[in-house]
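The values are calculated or read from the model by the stated rules, or taken from the named source; none is laboratory data. Remember, it's a predicted structure, so these values are computed and weren't measured experimentally. We place every Cβ from the backbone using ideal geometry, glycine too, and count neighbours over all the protein chains shown.
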Amino acid sequence: MPAQFPATQWSEILRAGDPTAPEARAALEGLCSAYWYPLYAFVRRTGADPDDAMDLTQGFFEHLLQSDLLRSADPARGRFRSFLLGCLKNYLSHQRGREAALKRGGGATTISLDAGAEARFTREAADLEPDALYERRWAMTLMERAMNALEHESSGHPERFAALKPLLTGSDRESSYRAIGERLEMSEGAVRVAVHRLRQRYGGLLREQIAMTVADPEQVDAELGHVLRTLGPAGVDL
C-alpha cells in the first residue's frame, strides 16, 4: 500500500498564502525552527563571522515572518528548502553594505537559535561551497529528525535501541549481530529481524519528515532521492 500522508505543514502554508494567518504563521515558525541551522551554515560559509551570521539568520526569519513572501511562493516547485534558500539569498543581497546585522530588526527574537551552532559549524567539511553545505545540512537535519522520532517511538526499550541504532545508520561496521544479541540476550536472528523492522520504520519516518517540506505528497520520492544523492545511502531500507 502506498504511504498515506496527512496535510503537510508546507502545503498548509502555501494554501493559506498569508503569513498573518494563524495556521500559516504557526506552521512556518515550526518549520523555520526545525531547519534554521542549514541557513546559518550557508551564511557562515559565505564569509559572515559568527555574530553576524547569527544576526543575519535571525533577521531573515523576522523578515520572512513579517513580509508577504509567501504570496510569491510557487506551488509548482513546492519545496520548502528551495523556497527558503532563494529568499535567504535575496535577503542577504539587500543586506550587504549595512554595518549592523540584526540590530536592524530591533533585537526581537523570532526563532530560538542554538548558541552551539558555531561549534557545529567548525566541524563542517571545509571544501563544501555554501549551496552544497546547505543541501547537505538540510538532508542531515531531515534524517536526524526521523531518527529522533524513531527513538521516541522506541522509548520503552532505550537500551535495545541504543545498541541497534548504529546498525541502522551503518556507523557501526565492527559489532556483529551475534555480539549485540548476546549483550541484549537476543538470538542473532532476532537481532536481524529487529534491525530490519527499525530500518523500515526509519524509512517511513524519513518520508514523513520530507512530506512536511513539500507541497504535494507526489514530490516525496523525488525529494528522498535528492537526500540520498546528497548524503549517500545511510544503510537504511527505504
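Among the candidates SER175, SER155, the residue that is over 30 Å from ALA34 (Cβ atoms), of a type in the set (Ser, Thr, Tyr) and either under 29 Å from the mean Cα position of the chain (by Cα) or not in a helix (DSSP H, G or I) (or both) is uniquely SER175. Picking from residues in the stretch 118-152 that are in contact with a Leu (Cβ under 8 Å, 6 or more places away or on another chain) and part of a loop (DSSP other than H, G, I, E, B), the one that is surrounded by the most Cβ atoms within 10 Å (Cβ to Cβ) is GLU124. Exactly one residue out of TYR91, TYR40 is of a type in the set (Phe, Trp, Tyr), over 19 Å from LEU142 (Cα atoms) and modelled with pLDDT of 90 or more: that is TYR91. Here the condition is being part of a helix (DSSP H, G or I), surrounded by fewer than 21 Cβ atoms within 10 Å (Cβ to Cβ) and modelled with pLDDT under 75; of ALA76, ALA24, it holds for ALA24 alone. The residues of the stretch 215-225 that are at pLDDT below 90 and aliphatic (A, V, I, L, M) amount to a single one, ALA215. Being surrounded by 19 or more Cβ atoms within 10 Å (Cβ to Cβ), at pLDDT 90 or above, closer than 15 Å to GLU144 by Cα and under 16 Å from the mean Cα position of the chain (by Cα) holds for only one residue in LEU206, LEU228, LEU198, and it is LEU206. What's the number of the only condition in (1) touching a Gly at 6+ places or on another chain (Cβ under 6 Å); (2) without any contact (Cβ under 8 Å) to a residue 40 or more places away in the chain that ARG178 fails to meet? ARG178 satisfies every listed condition except (1).
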